[in-house]
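The values are calculated or read from the model by the stated rules, or taken from the named source; none is laboratory data. Quick caveat: nothing in here was measured; it's all calculated off a predicted structure. Using ideal geometry, Cβ is built from the backbone for each residue, glycine included, and neighbour counts are taken over all protein chains shown. Side chains included, ligands, DNA and RNA excluded: accessible areas come from the protein's heavy atoms. Shrake-Rupley method; radii C 1.70, N 1.55, O 1.52, S 1.80 Å.
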Amino acid sequence: MRFFRHGPRGHERAGMVDARGGHRDLSALLSDFETRHLASHFASFAAIDPDKLPLLNETIRIGPPVAAVGKIICIGLNYVDHAREANMEIPAEPVVFMKATSSICGPNDDVQLPKDSIKSDWEVELGVVIGREARNVTVEQALSHVAGLCVINDLSERTFQLERGGQWDKGKSCDTFAPMGPYLVTLDEIADLADLELWCDVNGQRVQTGNTRHMIFNVPFLVHYVSQFMSLQPGDIISTGTPPGVGMGRKPPVWLKAGDEMRLGISGLGQQRQRVRAHIGSANQ
């Protein structure tokens, strides 16, 4: 099953995708997805025939697929080639950091550069949405705690991240720096978690191409690993790392600027499109 949220920011409603990719309105059955729906792995919706739901206009705004996210846990340097392009050691254990939930926006919302940004960068990533509380789970148990998957653009301001006194969170948590969606896709829709293609285009040029088979630490291991250090709650999201091709790794480096367009996606999970806007109040807005 594929679920989404639609409507104005802060007033999103529940939706479901039909077999032909049409967007259907679920709001007559529930106003919005809550953590209890994630905890049940959407089992209560399995019997719904999407074709009987109202068809939505194609121009509707799609919001982030999960409401009230508790925390975003990010995994750094999880693809060998990305670690090399960043001139960092290949990690022996997952690199874990956090991203503020205030950075979340819809998959096609504008991305706004933060004040004083000079090195903002793109990162297409696979997002793992927790559906059931996970605490000290084994690798074998891990996927039973997952509600589904989504696309994430883990935008990063590299100056804030790497040149402002440590802690990556500062460069990761700017407003609009976590576009999510368009869909939350349940695991039954995914043939092979270890064979998902990731890609990102900037201004029509393909800059990132990757596959989850090249992850250093796979999804079940990451859920297991993170759950050893903190409990994972329904609605929490693990952003699993980006493949090579980020702006920081290009020679010379390339940074996002106002007017740029990003398009990115993951096979089976949908696509995103964002326009880059200058910081509000900037002279070049």
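Scoring residue 53 on the criteria (1) more than 27 Å from residue 110 (Cα to Cα); (2) surrounded by fewer than 17 Cβ atoms within 10 Å (Cβ to Cβ) leaves a single failure, condition (2). Being of a type in the set (D, E, K, R) and touching a strand residue (DSSP E or B) at 6+ places or on another chain (Cβ under 7 Å) is a property that does not hold for residue 36. Against the numbered list (1) within 15 Å of the chain's Cα centre (by Cα); (2) under 23 Å from residue 275 (Cα atoms), residue 120 comes up short only at (1). Pairing residues of the range 15-31 that are open to solvent by 40 Å² or more (accessible area, probe 1.4 Å) with residues that are among the β-branched types (Val, Ile, Thr), at Cβ distances under 8 Å and at least 6 apart in sequence or on separate chains, gives 29/48. Residue 222 meets all of the listed conditions (1) in a loop (DSSP other than H, G, I, E, B); (2) at pLDDT 95 or above but one, namely (1). Among the residues of the range 190-203, those identified as surrounded by fewer than 18 Cβ atoms within 10 Å (Cβ to Cβ), closer than 25 Å to residue 262 by Cβ and either touching a Ser or Thr at 6+ places or on another chain (Cβ under 9 Å) or without any contact (Cβ under 8 Å) to a residue 12 or more places away in the chain (or both) are 195, 197. Restricting 257, 251 to those that are open to solvent by 10 Å² or more (accessible area, probe 1.4 Å), assigned to a loop (DSSP other than H, G, I, E, B), in contact with a Ser or Thr (Cβ under 9 Å, 6 or more places away or on another chain) and not β-branched (Val, Ile, Thr) reduces the list to 257.
So that you can scan it fast, the table gives a plain yes or no per residue for (1) under 21 Å from residue 262 (Cβ atoms); (2) in contact with a His (Cβ under 8 Å, 6 or more places away or on another chain); (3) in a loop (DSSP other than H, G, I, E, B):
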{"site": "10", "(1), (2), (3)": "no, no, yes"}
{"site": "21", "(1), (2), (3)": "no, no, yes"}
{"site": "98", "(1), (2), (3)": "no, no, no"}
{"site": "108", "(1), (2), (3)": "yes, no, yes"}
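Find the residue count for the range 79-102, including only residues that are of a type in the set (Ser, Thr, Tyr) and either farther than 22 Å from residue 199 by Cα or at pLDDT below 80 (or both). Matching residues across the range 79-102 total 2. Within the range 186-207, can one find any residue that is of a type outside the set (A, V, I, L, M, F, W, C), assigned to a loop (DSSP other than H, G, I, E, B) and modelled with pLDDT under 95? Yes, the range 186-207 has at least one match. Out of all the residues in the range 81-122, which are among the acidic types (Asp, Glu), touching a strand residue (DSSP E or B) at 6+ places or on another chain (Cβ under 6 Å) and crowded, with 19+ Cβ neighbours inside 10 Å? Across the range 81-122, the qualifying residue is only 121. With respect to the conditions (1) outside any strand (DSSP E or B); (2) touching a Ser or Thr at 6+ places or on another chain (Cβ under 8 Å); (3) over 15 Å from residue 97 (Cβ atoms), residue 171 lacks only one, and its number is (3). Of the residues screened, residue 176 is not one that is assigned to a helix (DSSP H, G or I), surrounded by fewer than 22 Cβ atoms within 10 Å (Cβ to Cβ) and either among the acidic types (Asp, Glu) or touching a residue at least 24 places away in the same chain (Cβ under 8 Å) (or both).
Scanning the range 151-173 for residues that are out of contact with any Phe, Trp or Tyr (no Cβ under 8 Å at 6 or more places or on another chain), surrounded by 24 or more Cβ atoms within 10 Å (Cβ to Cβ) and free of Cβ contacts under 8 Å to residues at least 60 places away in the same chain turns up nothing. Look at (1) open to solvent by 60 Å² or more (accessible area, probe 1.4 Å); (2) modelled with pLDDT of 95 or more; (3) not in a strand (DSSP E or B) and you find that residue 273 fails only one, number (3). The residue that is nearest to residue 146 (Cα to Cα), among those in the range 1-52 that are at pLDDT below 90 and β-branched (Val, Ile, Thr), is 35.
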